[in-house]
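The values are calculated or read from the model by the stated rules, or taken from the named source; none is laboratory data. Since this is a predicted model, take the numbers as computed values, not measurements. Note: ideal-geometry Cβ built from the backbone for every residue, glycine included; neighbour counts use all protein chains shown.
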Amino acid sequence: MANRMWGGRFGGGPGAIMEEINASIDFDKALWRQDIAGSKAHAAMLAKQGIITAKDARTIAGGLDKVAGEIEAGDFKFSRTLEDIHMNVESRLAELIGPAAGRLHTARSRNDQVALDMKLWVRETIDVLDGSLADLQRTLAEKALAEAATVMPGFTHLQSAQPVTFGHHLLAYVEMFGRDRGRFADARQRLNESPLGAAALAGTSFPIDREMTAKALGFDRPTANSLDSVADRDFILEALAAASICAVHLSRLAEEIVLWTSAQFGFVRLSDAFSTGSSIMPQKRNPDAAELVRGKAGRIIGALTAMLVILKGLPMAYGKDMQEDKEGTFDALSSLSLCVAATSGMVRDMRPDAERMKRAAGAGHATATDLADWLVRKLGLPFREAHHITGRIVSLADKKGVSLDALPLAEMRSVEPRISADLFSVLSVERSVESRKSRGGTAPGEVRKQARGWLKRLGKGAPR
Ligand code: ARG
C-alpha cells in the first residue's frame, strides 16, 4: 500500500528492508512532546495569519491534545509504516478529527519540523542537566567544606608531590563542572533560534509569521537562512561536545574513586549502596558505579564522533543521513544525566579515611618543597641552591630509611650547617598545607573560603 502521507505518485509501499532502514519511529517517538508543541504553535500561527480558519485551528489543537493524552497513557499505536513521529502523530490526528488534520502541514515540512523537535529536545535536556550538574557541584562543595582540613597526598605523575587537603581536591572538580555548565549554557544560547517556517529548504509562499511561532516556543528569534535552518545540526555537535568534556571530567573523578577505594590506597570507603560484591571472591567490594561512569564516557564521546562524521560530507540542505542524529544524541545525553546522578550519589556516600590519607600524605618526602622554601626564607638562599641542598638531605634520609622529619638535626647540618631546629616546624603535613595560603591554594582556610563562595553562588537547590 502506498504511504498515506506522500503516496500520491507511488504505486506501492516500500520493500521490507526499505521500511526497516527508513523507519525512525522506534527511537524518534521520544520527540512526541516536542512534535506536538511545535504543531500547536504552527496551527495557531496559521490561523492568526488567515492561512487556515480559526475553527480548523481549534479542531487541530483539540485533536493534538487528544493524541498527547493517548501517548501519555500508553494507548497510542506507533506504526513503522508511518516512518517517524511526525507522520504517526499527523495520521492519528486525521483519524481523530478528519480533513482539518490535512491543513496542519501547510507551510511546513518534516525538515523544519524535525530540526525544531530536536532543538526543543536538546534545549530541555540541557536545562535539566544544568540543574543536576549544579546539584553535583553543591554536593562536592559541601563535602569540601567538611573535609577542608583533611590532609591527603597531592600527586603529579601519580607520584606523591605535595600534601593537599581532600576538600581542595574536591573543589577542583567543582571548577570543572562549573565550566561544563558554562559550555552547555553557551550551546543553549546559540541553539535558541527557531527553524520553524524554513519549510523544506527554501521558505514558503504562504504569509507565515515566524516571529510568532519562535516566541510561542520560547526561542529568542527565528533563524535567518532557510537552508541553514534545516541543514544545521551544530546545536547537537555543541551539546555533544560539551557532554563529552563533561563525561571526561566525570570519568577522571570516577577513576580517582576507583583508585581511592582500592585496598592499596584505602583513602575512601563507599557504602554497600554503591559497592557490589564478587560471585567468587568474598572479600571484594567493587566500585561498579564509578567504573560505569568511567566506561560510559566511551559512548558519549562516540556519539560526538559519529555526529561529526555523519555531517562532514553532507551537501546543503537536508539529507536523510541526518536522521542518524537521534539515537546517539538521546543515548549520550541520557547517559550523561545518569552519570551525573550516580556521581552525586557516590560523592555524598563516600567516607574518607583521614588517618590513612594523612599517613600517605607524608610518604615519599612530600614536604621536601617546604624544606627548600625554609632555606630560601630563613637563609636567603636562591631557590635553585635550596633545591639542591634539599635533594641531598632527602637522599640522606632515604639512605637511613627515615622520613625527613625523623632525620636528626646533626645529619641535616652535615649538608647545610646553618640549618636550625626551627626547620622541623615546617616538615609536618599539616604545617605544609597550612602554609599554602596563596589564592586558590590548599590551606584549609582558603579551601573553606572557596567552598563557602561556591555554596553561596549555587544556592539551596531542590530538596533531595
Ligand atoms: N525522520 C526524519 C528525520 O529524522 C524526518 C525528516 C524527514 N524528511 C524527509 N525529507 N524525508 O530526519
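Does the range 261-277 contain any residue that is within 30 Å of residue 157 (Cα to Cα), crowded, with 16+ Cβ neighbours inside 10 Å and polar (S, T, N, Q)? Within the range 261-277, one or more residues are within 30 Å of residue 157 (Cα to Cα), crowded, with 16+ Cβ neighbours inside 10 Å and polar (S, T, N, Q). Give the residues of the range 110-125 that are out of contact with any Ser or Thr (no Cβ under 9 Å at 6 or more places or on another chain) and surrounded by fewer than 24 Cβ atoms within 10 Å (Cβ to Cβ), sorted by residue number. Matches in the range 110-125: 110, 120, 123, 124. The set of residues in the range 320-347 that are surrounded by fewer than 16 Cβ atoms within 10 Å (Cβ to Cβ) and within 14 Å of the ligand (Cβ to nearest atom) comprises 320, 321.
Could you tell me whether any residue of the range 78-85 is closer than 23 Å to residue 195 by Cβ, at pLDDT 95 or above and assigned to a helix (DSSP H, G or I)? For the range 78-85, residues closer than 23 Å to residue 195 by Cβ, at pLDDT 95 or above and assigned to a helix (DSSP H, G or I): present. Inside the range 113-131, residues that are under 13 Å from residue 189 (Cα atoms) and within 16 Å of the ligand (Cβ to nearest atom) make up a count of 3.
The helices (runs of 4 or more DSSP H) located wholly in the range 351-446 that include 3 or more residues which are farther than 30 Å from residue 259 by Cα and either under 35 Å from the mean Cα position of the chain (by Cα) or without any contact (Cβ under 8 Å) to a residue 40 or more places away in the chain (or both) occupy 368-379, 383-400, 409-415. The set of residues in the range 97-113 that are part of a helix (DSSP H, G or I) and either touching a residue at least 60 places away in the same chain (Cβ under 8 Å) or not hydrophobic (A, V, I, L, M, F, W, C) (or both) comprises 98, 99, 102, 103, 110, 111, 112, 113. If you filter the range 72-96 down to residues that are surrounded by 21 or more Cβ atoms within 10 Å (Cβ to Cβ) and free of Cβ contacts under 8 Å to residues at least 60 places away in the same chain, you find that the one that is nearest to the ligand (Cβ to nearest atom) is 86. Scanning the range 98-136 for residues that are of a type outside the set (D, E, K, R) and closer than 25 Å to residue 209 by Cα yields a count of 18. None of 134, 61 is among the aliphatic types (A, V, I, L, M) and over 30 Å from the mean Cα position of the chain (by Cα) except 61. Between 146, 172, 134, 199, the distinction of being within 16 Å of the ligand (Cβ to nearest atom) and either at pLDDT 95 or above or crowded, with 24+ Cβ neighbours inside 10 Å (or both) belongs to 199 only.
Taking the range 304-319 as the range and being assigned to a helix (DSSP H, G or I) and more than 16 Å from the ligand (Cβ to nearest atom) as the test, the residues that pass are 304, 305, 308, 309, 312.
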